[in-house]
Amino acid sequence: IFVDDFDFDYFINLLYRYLSPDKIKIQKYYYPSFFGQIKILAYCLKDNHFHMLIYQKNKSDIEKFMRSIMTSYSMYFNLRYHRTGPLFESRYKSSYVMGDDYLCHISRYIHLNPRCWRRYKYSSLRYYQNSPNPVWLDVDTILDQFSNRKAYYDYVLEDEISHNQLNEIKHSL
């Protein structure tokens, strides 16, 4: 679903478009704003899929937000690559997150998703480390669970180390 850097950037711009506190107008059309209804807590865009940890204020907010994002991106992609039909294999999948521990675990899973996760450009991890985050990304909800940014990074690193150790044991057996 992402062929080159321009595609990744376009998708990220859609996040800004739909989550900006300002109404965005492009060619006489005002895009709906989900600012205050939806917060993205973590994300990772990969070549053939993406992960987003989303907080919704009301029960139907994610459905409307995802429909807007996925429709806009599909229209862009089909126009750019001279294709027709659906881009996404199926409807997005979601699950309810209960508790701060699970919330942190999901953010860690998302940030570890790319193979070279430390330097991966299309992940929210860099905003958890030190970069100023965009208006549409809420890193504080997760970072408030830790004493500082380094503690969160150590939490992510700890899971990578244990995962690598389990893989070594698995292959040695």
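The values are calculated or read from the model by the stated rules, or taken from the named source; none is laboratory data. Computed from a prediction, not measured in an experiment: that's the story for all the values here. Neighbour counts run over all protein chains shown; Cβ positions are idealised from the backbone, glycine included. Surface areas here come from the heavy atoms of the whole protein model, side chains and all, with no ligands, DNA or RNA. Shrake-Rupley method; radii C 1.70, N 1.55, O 1.52, S 1.80 Å.
Values for this structure:
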| item | result |
| --- | --- |
| Criterion: closer than 30 Å to Phe146 by Cα and part of a strand (DSSP E or B) - qualifying residue of Tyr55, Tyr16, Tyr102, Tyr96 | Tyr55 |
| Residues of the stretch 123-159 that turn out to be at pLDDT 95 or above, outside any helix (DSSP H, G or I) and surrounded by 18 or more Cβ atoms within 10 Å (Cβ to Cβ), as a count | 5 |
| Single match in Arg83, Arg118 (criterion: under 24 Å from Asp5 (Cα atoms), modelled with pLDDT under 95, open to solvent by 30 Å² or more (accessible area, probe 1.4 Å) and not aromatic (Phe, Trp, Tyr)) | Arg118 |
| Filtered residue count, the stretch 30-53, keeping only those that are in contact with a helix residue (DSSP H, G or I) (Cβ under 6 Å, 6 or more places away or on another chain) and under 12 Å from Ser94 (Cα atoms) | 2 |
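Table: residues versus (1) small (Gly, Ala, Ser); (2) within 13 Å of the chain's Cα centre (by Cα); (3) surrounded by fewer than 14 Cβ atoms within 10 Å (Cβ to Cβ).
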{"site": "Leu14", "(1), (2), (3)": "no, yes, no"}
{"site": "Lys28", "(1), (2), (3)": "no, no, yes"}
{"site": "His49", "(1), (2), (3)": "no, yes, yes"}
{"site": "Leu53", "(1), (2), (3)": "no, yes, no"}
{"site": "Asn58", "(1), (2), (3)": "no, no, yes"}
{"site": "Asp61", "(1), (2), (3)": "no, no, no"}
{"site": "Lys64", "(1), (2), (3)": "no, no, no"}
{"site": "Arg67", "(1), (2), (3)": "no, no, yes"}
{"site": "Arg91", "(1), (2), (3)": "no, no, yes"}
